[in-house]
1. Six or more apart or on different chains, Cβ atoms under 6 Å: show the pairs whose first residue is in the range 325-348 and closer than 13 Å to residue 256 by Cα and whose second is modelled with pLDDT under 95.
2. Which condition from (1) surrounded by fewer than 17 Cβ atoms within 10 Å (Cβ to Cβ); (2) over 15 Å from the mean Cα position of the chain (by Cα); (3) at pLDDT 90 or above is the one that residue 165 breaks?
3. Can you confirm whether the range 135-153 contains a residue that is at positive phi and either part of a loop (DSSP other than H, G, I, E, B) or modelled with pLDDT of 90 or more (or both)?
4. Mind telling me which of the residues 236, 189, 221, 198 ends up being loosely packed, with under 14 Cβ neighbours inside 10 Å and in contact with a helix residue (DSSP H, G or I) (Cβ under 7 Å, 6 or more places away or on another chain)?
5. Would you mention how many residues in the range 2-34 are over 32 Å from the mean Cα position of the chain (by Cα), on the phi < 0 side of the Ramachandran plot and either touching a residue at least 60 places away in the same chain (Cβ under 8 Å) or part of a loop (DSSP other than H, G, I, E, B) (or both)?
6. Please find, within the range 97-109, the residue that is farthest from residue 57 (Cα to Cα) out of those that are surrounded by fewer than 18 Cβ atoms within 10 Å (Cβ to Cβ) and touching a helix residue (DSSP H, G or I) at 6+ places or on another chain (Cβ under 7 Å).
């Protein structure tokens with residue numbers, strides 16, 4: 001088969017990309033604002049990175065939406081690898097603010113009023129990303145205008161993303177499928193030190209160890225433990241079911257076991273995604289305050305006030321991070337039976 005020559009500029013379609021900057025202040029009859037070119041390129045770069053992140057997250061959703069995923073297979077490695085890539089891209093998004101901050105408030109005022117009502121708030125790709133990760137409409141800050149300035153085509157794409165499977169939903173299903181506590185074979189030689197009705201002996205032991213380690217000011221955590229790990233009525237109110245929370249905590253506790261290394265990396269990556277999104281919002285807030293103070297954003301939002309509310313509320317994987325409240329000293333961990341140790345160590 002003959003190979004058709006590929007040329008750098010044509011392959012990257014640089015004619016389209018490089019010719020895609022049209023500063024409003026450069027229009028005839030206006031005084032050009034030098035920094036508007038930087039402003040455009042930075043935001044175009046953001047949107048390109050959002051496209052790549054959506055591409056990665058979409059592939060992860062496709063893999064995890066299968067009836068089952070083999071944790072001891074390249075599939076889970078692929079998921080972890082691509083989510084790590086998402087984290088790295090998000091770090092770049094945070095770093096790009098350094099470049100934008102070389103523009104002073106007066107530089108921004110040279111063209112800011114010409115941009116109304118355009119605003120980063122109208123980034124439909126970012127809203128799709130939040131939805132695909134698992135941010136539900138009822139958990140959104142500023143619900144009344146989060147799609148009010150978008151075109152109907154963009155709204156339809158966002159609504160479609162909100163109605164489809166999200167990363168947090170698929171993580172919940174994946175965690176619920178963890179088989180170790182449903183198979184008596186692994187626990188036939190487990191000697192329980194404590195027992196409770198309707199509770200697996202391991203978790204009865206664990207709860208006893210955990211509650212015994214709480215200080216006086218932490219005693220309320222004892223009731224939180226039962227609510228999160230054993231109250232099925234909470235399942236409709238949370239992204240992670242009680243069963244999924246037990247699996248996730250078990251992974252965190254015994255992450256040194258070979259079979260649990262990748263699952264732990266996946267959970268840890270989810271926390272890092274939230275962390276980097278939080279960093280991005282925090283830097284964005286400080287930049288907006290520096291640039292416009294308490295003024296209203298060009299898109300009509302409350303500017304820094306809206307961003308602060310979103311930062312406080314839009315933690316998609318908050319329930320995963322909350323599980324760290326229920327960890328105990330590794331030296332007090334219940335000893336696992338040999339049958340389970342062999343399974344977790346790939347000794348078949």
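The values are calculated or read from the model by the stated rules, or taken from the named source; none is laboratory data. All values derive from a computational prediction rather than experimental measurement. Heads up, the Cβs are rebuilt from the backbone with ideal geometry, glycines too, and the neighbour counts pull from every protein chain shown.
1. As it stands, the answer is 344/257; 344/259; 345/258; 346/258, since those pairs meet every condition given.
2. Looking at each condition in turn, residue 165 falls short on (2).
3. Quick first cut of the range 135-153, residues at positive phi only: 142.
Then drop every residue that is not either part of a loop (DSSP other than H, G, I, E, B) or modelled with pLDDT of 90 or more (or both), which leaves 142.
Yes; the residues of the range 135-153 include at least one that is at positive phi and either part of a loop (DSSP other than H, G, I, E, B) or modelled with pLDDT of 90 or more (or both).
4. On the way: 236 fails: in contact with a helix residue (DSSP H, G or I) (Cβ under 7 Å, 6 or more places away or on another chain); 221 fails: loosely packed, with under 14 Cβ neighbours inside 10 Å; 198 fails: in contact with a helix residue (DSSP H, G or I) (Cβ under 7 Å, 6 or more places away or on another chain).
Only one candidate qualifies: 189.
5. 18
6. Filtering the range 97-109 down to residues surrounded by fewer than 18 Cβ atoms within 10 Å (Cβ to Cβ) leaves 97-99, 101-102, 104-107, 109.
Now drop any that are not touching a helix residue (DSSP H, G or I) at 6+ places or on another chain (Cβ under 7 Å), which leaves 97, 99, 101, 105.
Working: 97: 23, 99: 27, 101: 29, 105: 35 Å.
Going through the qualifying residues, I end up with 105.
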